[in-house]
Structure formats: C-alpha cells, structure tokens
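The values are calculated or read from the model by the stated rules, or taken from the named source; none is laboratory data. From a predicted model like this one, the values you see are computed outputs, not experimental measurements. These accessible areas exclude ligands, DNA and RNA; they are computed on the full protein's heavy atoms, side chains included. Shrake-Rupley method; radii C 1.70, N 1.55, O 1.52, S 1.80 Å.
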Amino acid sequence: MFCGIVSGVVPGVRVAEDADTYAFMDINPGSDGHLLVVPKRHSKDLLEIPAEDLSAVAVAAQRIAKAVVSELGADGVNLLNCCGAHAWQTEFHFHLHVIPRYVDKSKDRLGLPWAPGIRGDALSISALGNRLSNALA
C-alpha cells in the first residue's frame, strides 16, 4: 500500500517529499500529527533497506520532528520502526513513525508497552551484550 501512496495511486495526506523519501499522515494515529516517513525505493523492513535509504529516511524524520515540535507544539517526539510481524510490523514497506508526544493526553493516546525502570538480570544482559559484540566483530 505504501508504494501506492508514494506513486499517488492510493490516497494519502502528503506532508513532505524529496528525491529519496516521502512523508504522509498515518491513518491510524497514536497522537495528533502522527505521520510516516518511507523511502521511495521499496524495502521490506529494517533488515533489507540499503544504508543510503535508511539515512535519507532518518534525516527526513529529524527535519519533520523539528516541525512537529515547532508547529504542533509537541512536548516530545518518538521515532518508531517495527521490523517483523512479531515486532508489530503490519505494512511490509520500511517506514519510520514520527509520533508527536503531548502532555495533554487528549492529543496523545499512546502508552509504553513495558515498564521502564525495572532492571533486568545483570548476568543475562552481560551475556547477551557479549554475544552481540562478538557477532559484530
């Protein structure tokens, strides 16, 4: 569907566009002003997107986040990518959510899916960190 939005075949509310990216409003917003930034070239997800397209999306998202704060009065911004069905990805075209966050909860319907501040097991954290470090070496 996102390729259709980028090409203009599927309707969408365009927010910004450049040579490599397209940003449009999310039709299932978690907060007022929630939008998506996608690469114009199709990539399924974070594991597949070329580095140059990922960089372009990140830079566009930062530019848009600044506008969300200055123009919409957001108190903060979340950038969110979901990679894979078990990580809540429902549209298999890489996209980055730009989600304005507000103190005023009438504008912001999101909540955290986990409880921050609850420490994990130190040995497990260390073992997983070492495993990943070795894999990346």
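Brief remarks follow.
- Here the chain has 59 percent of its accessible surface on carbon and sulfur atoms, given a 1.4 Å probe and all protein chains in place.
- Here the Gaussian network model covers the chain, with springs between Cα atoms less than 10 Å apart; of 71, 48, 17, 71 fluctuates the most.
- Rounded if a/c under 1.5, otherwise prolate or oblate - segment 46-120, Cα gyration tensor axes: oblate
- Residues of the chain: accessible area per residue with a 1.4 Å probe, Å²: 64
- Most mobile of 106, 43, 55 in a GNM of the chain (Cα contacts under 10 Å): 106
- Nearest 10 degrees, 0 to 90: helix 51-72 Cα axis against the chain principal axis: 70
- Using the alpha-carbon positions of the chain, Rg (one decimal) and Dmax (whole number) come out as 16.9, 52 Å.
- Max mean-square fluctuation residue, GNM over the chain, Cα-Cα springs under 10 Å, options 105, 40, 66: 105
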